[in-house]
Amino acid sequence: MNETAINTATEKLSVVEKVGYSLGDLAANLIFQTFVTFIAFFYTDVYKIPAETATFIIFTGGMIGAFFSPIMGMIADRTSTRWGRYRPWILWTAIPFGVLTILAFSTPDFDPQGKAIYAFITYVLLVMIYSANNLPYSALSGVITGSMAERNSVSSYRFVAVMIAQFIIQVLLLPLVLILGDGDKATGFENTMMIFSIIGTVFFIISFITTKERVITKPEQKSSVKQDIVDLFKNQPWVIMLAVTTLLFITLALKGGMYIYYFQNYVSEAHLAQFQFDIGFNGMIAGLNNSLTNIGFSTFQWPEDIAISGNSIFNACGIIFMLFGIALSKPLADKFGKRDVFTSALFVSTLFILLFYFYDPESIGIMFSSQIAHGFFYGITIPILWAMIADVADYSEWKNNRRATAIVFSAMLFGLKSGLAIGGSMVAAILASYNYDANLVSQTPDTIQGIKFAVSIFAAMPFLMACLSLSFYEIDKAMEVEIESDLRDSRG
C-alpha cells in the first residue's frame, strides 16, 4: 500500500549506518558492473555465442527485467514487516542473487542452441533478482532519512562503494579471470564470480542489519495500483528522470562493453606496451613481485596480454578520478542544487567521450588523459542521480499527499535495465553489423572503424540527449528547500 509519511528523522546518520548501507551497492555492483562491461565479451569470446544471438539475449532479457521493475516497485511499496517495507528484500534476495550469478557466468557444454537457451534463461533470472534486490535497496535511501542534505551524504558513501566495485570489475576482473582460470577464461569467470557471489551475499546481510527505515507512514491511507500509475505520469520530474536514467545507462553499457574490443583491435599494441613501460607500470609490477618473493609469497601474475593490461589500466585511471568527482559532488549539490551541477558536469564529461573519434591508434597518452577528465566530471554526477530520484519521491508526496517510494524508484531501475539492455545489445549489434569475428586474429578495417565509432560518436549521443532532457526538470535548488520544509511540517 502507498501511504502518506507522518514521521521522519532528520538527524545525522551514523558513519556505521552509511557504510553498512553502501555495502549493499558494493555487493550488487560486483555483478552489475560485470554485466555492464563484460557480458557481450563473455558471450561472444568466452561462451562462443554468435554476436547476433548475444544481441537478442541481452536486449530481450534486459527488457523483460526492465518491465519487471515497476511490478517489483508496487510489491515493495505494499510490503509490511516488522523490519519495514524495503529492508527485508535485501535479506530475502541475498542468497538467490549469489546463486544466479554463479549460474549466469557458468559455461556448460551444450550445443549452440542449448547455449543460447541457457544464457537467455540465466540472464533473465539474474536481472529479475537484481530488481527484487536493488529496487527496495534504492528505495530505502528515500526513507532512511527525511533530510535532503543527509541523502546527499548517504549517496556519496554509497557511490564510493560503487566506484570500489567498478574498480575491481573494470581493472582487476580480467586479470583475476586469467589467474583463477590458469589462462582458461571460462574457468576463470566461473571461479571469479563464485568469489564475488559469496562476498556479495555477506555484504547484503550486513547492509540489512545496519540500516533502519525512519520515514514512517500512515497505515490507514491507501491507493490503488491505478492511482499509483496516474500519479507517476502526472509527475513530470519522474518522467524526465526515467528518460535521463535510460539514456545514461545506454552510454555506460555501450562504451563500457566496447572498450575491451577497442584495445584489442584498434589501439596500437606496440605503443600501448611502450606507454606502460614509460609510466613505470611494468617496473611497479616487477618491484611488487620482488617484494613478495623476498617475504616468501608467490609473484602477482599480472596478465601478459597487452590489450587486457592496457584496458585495465585505462579503466583504473577513469575510476580513480571519478572518486575525486564524487568527493566534490555533495558540496557542489548543496550549494548550487542537484539539477544544475548534474547537467553541467554531464555535458563536460560527454565532450571527452566525443574526443575519442579524433584519436589515432598511437595516441595512447591523450586517450588516457581524456579518460581521466571524463571520469572526474562524470564522477560528480554519480551520487546526484540517485539523490534526485529520492527528491522525485518527495515531490510526488508533496503534490499528491501520498508516498510511494519504491514505485518512484522503479523509474531508476526501469531506466537502468532498459539502458543496459539497449546499450549492451548495441555492443553486440554493432559488432555484428560491422562483421566482427571472434575467431579472426585481425579484424577488417570496417570492423575496426565501427568499434571506434561506438566508443566515441555513438556513446556520446545518449549523454547529450540526457543533458537536453534535464533542461525541462523543474526541481531546482529553491524548490528542493521548499519541498523539504513543507514535508517536514506536514509530517509533524
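Rule-based calculations on the coordinates, nothing more; no lab input. Remember, predicted model here, so these are calculated numbers, not experimental data. So basically every Cβ, Gly included, is an ideal-geometry build from the backbone, and we count neighbours across all protein chains shown.
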Within the chain, helix-based [θ] at 222 nm, where runs of 4 or more DSSP H residues each add -39,500 (n - 2.57), nearest 500: -26000 deg cm²/dmol
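Of His271, His374, how do they rank once you tally other Cβ atoms within 10 Å and put the fewest first?
Details: His271 17, His374 25.
Result, fewest neighbours first: His271, His374.
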Karplus 3J(HN,Hα) series, Hz, for region 78-92 with 6.51 cos²θ - 1.76 cosθ + 1.60 (x for Gly, Pro): 9, 7, 9, 9, 5, 8, x, 8, 9, 4, x, 5, 5, 6, 4
Nearest-ten-degree value, helix 148-167 long axis tilted from longest Cα axis of the chain: 20
Across Lys18/Lys330; Lys255/Lys417; Lys234/Lys477; Lys417/Lys477; Lys399/Lys477; Lys212/Lys399, pairs whose alpha-carbon gap is larger than 24 Å: Lys417/Lys477; Lys212/Lys399
Cα-based reach from Lys115 at 18 Å (exclusive), listing lysines while leaving out same-chain residues under 8 positions away: Lys48, Lys185
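Based only on Cα atoms, what Rg/Rh ratio does region 141-191 have, Rh being taken as Kirkwood's radius? The partial results should precede the final answer.
Values: Rg = 17.3 Å, Rh = 13.0 Å.
My calculation puts Rg/Rh at 1.33.
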Whole-Hz couplings from phi, Karplus 6.51/-1.76/1.60, listed for region 12-23; x for Gly and Pro: 5, 7, 6, 4, 4, 5, 5, 5, x, 4, 5, 4
Degrees between helix 281-294 axis and first principal axis of the chain (Cα, 0 to 90, nearest 10): 90
Space enclosed by the convex hull of the alpha-carbon atoms of region 361-492, per residue, Å³: 142
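For the peptides 166-175, 127-136, what is the packing order when you average, over each peptide's residues, the other Cβ atoms within 10 Å and list the highest mean first?
Details: 166-175: 22.1, 127-136: 25.1.
The peptides rank, most packed first, as 127-136, 166-175.
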Proportion of all alpha-carbon pairs of region 440-492 beyond 14 Å (%): 72
Cα Rg, Dmax (largest Cα-Cα span) when computed across region 46-119, Å: 16.5, 49
Crossing angle, helix 338-354 versus the chain [Cα axis fit, 0-90 degrees, rounded to tens]: 10
Cα-derived Rg over Rh, computed across the chain with Rh taken as Kirkwood radius: 0.97
5 angstrom amide H check on Arg214, placed H, neighbours 5+ away: Ile144, Thr145
